[in-house]
1. Most fluctuating residue of Val59, Val155, Val108 in a GNM of the chain with Cα springs under 10 Å: which is it?
2. Per residue, what volume in Å³ does the convex hull of the Cα atoms of region 2-226 enclose?
3. Nearest 20 debye, what's the magnitude of the dipole of the chain about its Cα centre given +1 on Lys and Arg Cβ and -1 on Asp and Glu Cβ?
4. So what's the back-of-envelope 222 nm ellipticity for the chain, counting only DSSP H runs of four-plus at -39500 (n - 2.57) apiece and dividing by all residues, rounded to 500?
5. With the contact rule set at Cα under 8 Å and sequence spacing of 6 or more, what percent relative contact order holds for region 71-201?
6. Residue by residue, what Karplus-based ³J(HN,Hα) values in Hz, rounded to whole numbers, does region 88-95 have, using 6.51, -1.76 and 1.60 with θ = phi - 60° and x for Gly and Pro?
7. What residues qualify as long-range amide H neighbours of Ser49, i.e. H under 5 Å apart, gap of 5 or more or another chain, H built at 1.01 Å from N?
8. Cβ neighbours within 10 Å, averaged per peptide: list 30-39, 125-134 in order, most packed at the top.
Amino acid sequence: MQLTYYGHACLAIEVNGKKILFDPFITPNELAKGKVDINQIECDYIFISHGHSDHVADVVEIAKRTNATCVSSFEIIEWLGKQGLTNLHPMNTGGKWNFDFGTVKCVVAQHSSGLPDGSYGGNPMGFLLTSTAGNFYYAGDTALTMDMQLIPGWVQLDFAILPIGDNFTMDIQDAVMAANFVQAKTVVGMHYDTFGFIKINHQEALDAFQDKGIQLLLPEIGQTIQI
Ligand code: NI
Ligand code: MN
């Protein structure tokens, strides 16, 4: 699979010819300035883990231009409908759906999910994607939770995308434990460095994962990797 990192918790993964974008937050991200042009982003789907502005900021603009299908909690999808979007797929934690690229199951994220205008966003979630091209877990914003131990019973992961920035989510050490819970040997780090509260030492992160035999990938903003 091809993965392009757009900064913070936003990345796109191409699965069986479909481009799936997660949690678009690009135009307000100082670190992405000059590195990512949102008008160049093509996608067939936009998955949204929860309602916080650092995850939904560019959803409406990108979805209107690309006509991508937006997938999220029932409440966030209702809210996107009020913003004028029509290509919408509501889901909720525990449920799964067979899309044209593979299957996505919505899993527990331990976080919160208010929308930027104060609307209720339902529960936050992570996404577990299985496909003929490979399997991965996009955790969204979450604490370390025992629920992650359920994941290997559902799917054997090729990689996991985990928050590592601390303060709002797991820190590096908890993310290492999460990687063990979900039995992922390759991890893509996200939700770090964007704001003062979540700045991390990259070498410390790389070493912490390597100590447990796990490969941590920290792609540059705008970089595309094969995974
Ligand atoms: Ni959040
Ligand atoms: Mn966040």
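The values are calculated or read from the model by the stated rules, or taken from the named source; none is laboratory data. Fair warning: this is a prediction, and the values are worked out from it, not measured in the lab. Here Cβ is always computed from backbone atoms with ideal geometry, including for glycine, and neighbour counts include all displayed protein chains. Note: accessible area is taken over every heavy atom of the protein model, side chains too, but ligands, DNA and RNA are not part of it. Shrake-Rupley method; radii C 1.70, N 1.55, O 1.52, S 1.80 Å.
1. Residue with maximal mean-square fluctuation among Val59, Val155, Val108: Val155.
2. For region 2-226, the hull spanned by Cα atoms encloses 108 Å³ per residue.
3. Value, rounded to 20: 480 debye.
4. Here the helix-only value at 222 nm equals -5500 deg cm²/dmol.
5. Values: 262 pairs, mean separation 22.2, N = 131.
Relative contact order comes out at 17 percent.
6. Once rounded to whole Hz, the list reads 10, 9, x, 9, 7, 3, x, x.
7. Long-range HN contacts for Ser49: Asp23.
8. 125-134, 30-39
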